[in-house]
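Presented below is the structure to which this report refers.
The values are calculated or read from the model by the stated rules, or taken from the named source; none is laboratory data. Note that the coordinates shown come from a computational prediction; the quantities given were computed from them, not determined experimentally. Heads up, the Cβs are rebuilt from the backbone with ideal geometry, glycines too, and the neighbour counts pull from every protein chain shown. What goes into the accessible areas is simple: the full protein's heavy atoms, side chains included, and nothing from ligands, DNA or RNA. Shrake-Rupley method; radii C 1.70, N 1.55, O 1.52, S 1.80 Å.
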Amino acid sequence: MADLTPNAQGSAADLFIEMEAAQFTKTGQGACGDDVRFLTVEKENRHLVALSDGLGSGVKANVLATMTTAMAIEFLKSNIPTLEAVEIIMDSLPICEVRKIGYATFSLFDFRLGGKARISEMGNPGYIHLRGVEEVPPLKDWQVVSEHWPDREVRECEVDFRAGDRIIMCSDGVTQSGLGVRKDMKFGWRRSGVLAFARERIEREPDISARDLSLAIARQALNITPGGCKDDISCAVVYLRHPRVMRVLTGPPYYKENDAEYARQALLGPDHIVACGGTTANILERELGVKVKVRLADMKTAGGLPPIGTMEGVGIATEGILTLGRVLSALEQMRPPEKEPTAARAILERMMRHDRIEFIIGTKVNESHQDPNIPQDLELRRSVVKRIAAALEKNYRKKVTLNYY
Amino acid sequence: MEKVKVEICCGTACYLLGAANMMDIEDKLPAEWSGKVEIEAKPCLELCERENLGGAPYVRINDTEVMAQATPDKLLTRIGELLGGAA
Ligand code: FES
């Protein structure tokens with residue numbers, strides 16, 4: 001398998017599991033009738049996904065789906081046998097007055113690093129397991145049926161999930177897109193259509209992230225259906241790979257003697273490095289013999305933050321504390337990067353593309369920030385970075401490390 | 001003088017104390033100066049931590065001259081002087 005972070009020696013030795021989902025809500029409905037939930041049980045190195053499609057659409061379906069994923073994740077975590085879990089879920093879902101049943105489908109994924117993956121499905125399109133562009137069949141699969149609910153068959157699979165593999169799970173809004181409206185797709189896009197599309201995407205972009213692949217599949221499902229989204233669309237992708245490591249260097253080291261070692265941390269490849277702060281950029285210029293270049297056009301369109309610069313062969317450079325503050329608020333409020341000022345956007349987009357974010361923090365306090373003429377209070381770099389780390393872990397399931405100089 | 005080089009500091013202190021207003025300085029240059037003024041943005045000129053230089057925002061002109069408390073007007077006037085009163 002290709003090493004995705006060629007310069008991240010050593011630190012890329014362990015594996016990272018990327019779990020992402022993309023959703024579109026049926027046109028005209030305020031709430032999505034599908035729900036996707038992820039959980040990582042750190043202590044067990046275990047990763048869980050639940051995707052559910054509630055009967056119907058709108059708020060009622062949303063309640064069914066979210067109840068299902070919430071319960072399913074808890075039961076998986078507590079190792080309750082699938083059959084028992086399914087019965088409890090089915091027994092507790094509210095009954096639809098029109099249809100006289102309470103119903104939500106599900107796909108569950110349970111994986112422990114170093115072991116096999118278990119997938120349980122009921123009513124959803126069958127999962128897709130890809131190794132590169134090759135589909136991988138389960139090691140074994142079997143059906144379980146509840147005595148209470150004899151018409152609800154659950155398919156269980158044991159899967160050999162290896163580094164570089166991807167699992168795709170979706171709601172029928174994806175596989176049935178185009179159904180009844182496209183003459184060339186009598187039965188909709190179907191699982192085979194999703195499979196062909198995913199293979200073709202991976203062929204073109206072998207390292208495509210789970211985030212981009214899930215979004216590409218969901219968008220395609222949306223595009224297939226002319227005139228709006230006919231059913232809720234959800235696609236979850238799990239991708240096991242070597243972590244993509246990014247480093248953010250910010251602030252000058254406390255002792256100047258450490259500048260050289262600090263600067264060496266920036267040699268990870270230009271796509272993976274951000275220098276945050278003017279003094280930081282100056283240290284890299286001096287120690288690595290690079291120049292920070294700011295394009296004039298970037299000065300004008302910076303959108304309320306100082307402009308962004310590039311250091312050829314090393315990475316990008318931004319201003320420090322104001323930019324980090326903006327990055328922090330976007331991460332805490334989970335605002336999409338697209339609408340942020342250029343420098344914050346560049347950092348956020350990089351963060352989204354990487355799995356592990358290593359902060360290299362110089363702890364020297366910048367005296368000029370204490371200037372009484374400065375109209376606003378400037379927070380301390382260390383505390384802003386700590387909050388960024390917490391938001392990345394909690395809201396985006398990134399791994400974060402903090403190293404002080 | 002043939003050509004004037006201007007380095008505008010975009011570090012935190014300078015940006016907050018007024019450099020933000022100089023980001024579009026290029027658009028304010030008179031047409032007859034075209035080709036004679038080179039404008040660059042710099043991460044931090046490392047003048048902000050020194051005392052007695054007059055205060056941010058700082059602009060460096062022709063590698064040696066430091067302008068403290070720079071404003072677009074002050075900067076344009078000084079460039080004009082250096083170019084030989086062309087403004
Ligand atoms: S911020 Fe302008 S000189 Fe440091």
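Laid out as a table, the results:
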{"read-out": "Per principal axis, descending, Cα span of segment A:130-285 in whole Å", "value": "71, 40, 31"}
{"read-out": "Whether segment A:12-241 is rounded, prolate or oblate, judged on the alpha carbon gyration tensor where a/c under 1.5 counts as rounded", "value": "oblate"}
{"read-out": "For chain A: rounded, prolate or oblate by the Cα gyration tensor [a/c cutoff 1.5]", "value": "prolate"}
{"read-out": "Among A:31, A:236, A:50: highest mean-square fluctuation, GNM of chain A, C-alpha pairs under 10 Å", "value": "A:31"}
{"read-out": "Cα-derived Rg over Rh, computed across chain B with Rh taken as Kirkwood radius", "value": "0.95"}
{"read-out": "Karplus-derived HN-Hα couplings along segment B:47-56 (A = 6.51, B = -1.76, C = 1.60, θ = phi - 60°), whole Hz, x at Gly and Pro", "value": "9, 4, 8, 8, 8, 6, 9, x, x, 6"}
{"read-out": "Set of lysines with alpha-carbon distance to residue B:28 below 22 Å, sequence-local pairs under 8 removed", "value": "A:293, A:300, B:3, B:5, B:36, B:42, B:74"}
{"read-out": "Highest-fluctuation residue, A:130, A:296, A:348 considered, GNM on chain A with Cα pairs under 10 Å", "value": "A:296"}
{"read-out": "Mean separation of Cα contacts under 8 Å (6+ apart) over length of chain A, as relative contact order %", "value": "15"}
{"read-out": "Helix-only mean residue ellipticity at 222 nm for chain A, each DSSP H run of n ≥ 4 adding -39500 (n - 2.57), per residue, nearest 500", "value": "-9500 deg cm²/dmol"}
{"read-out": "Selection of trypsin sites (Lys or Arg not before Pro), segment A:154-209, meeting DSSP coil and at most 11 other Cβ within 10 Å", "value": "A:183, A:186"}
{"read-out": "Estimated vicinal HN-Hα couplings, Hz - segment A:146-152 in sequence order (Karplus 6.51, -1.76, 1.60; Gly, Pro = x)", "value": "7, 5, 5, 10, x, 8, 9"}
{"read-out": "Along each principal axis, Cα extent of segment A:315-356, largest first, Å", "value": "22, 20, 17"}
{"read-out": "Long-range amide H partners of residue A:401 with built H, under 5 Å", "value": "A:357, A:358, A:359"}
{"read-out": "Percent accessible area from carbon and sulfur atoms, chain A, protein chains only, probe 1.4 Å", "value": "50"}
{"read-out": "Debye equation applied to the C-alpha atoms of segment A:245-404, log10 I(q)/I(0) at 0.13, 0.21 Å⁻¹", "value": "-0.56, -1.55"}
{"read-out": "Positions from segment B:26-59 whose accessible area shrinks by 40 Å² or more when the full protein complex is built, not the chain alone, probe 1.4 Å", "value": "B:26, B:41, B:43, B:44, B:46, B:49"}
{"read-out": "Most mobile of A:335, A:37, A:46 in a GNM of chain A (Cα contacts under 10 Å)", "value": "A:335"}
{"read-out": "The protein assembly as shown, accessible area per residue, ligands and nucleic acids excluded (1.4 Å, Å²)", "value": "45"}
{"read-out": "Nearest 10 degrees, 0 to 90: helix A:190-204 Cα axis against chain A principal axis", "value": "20"}
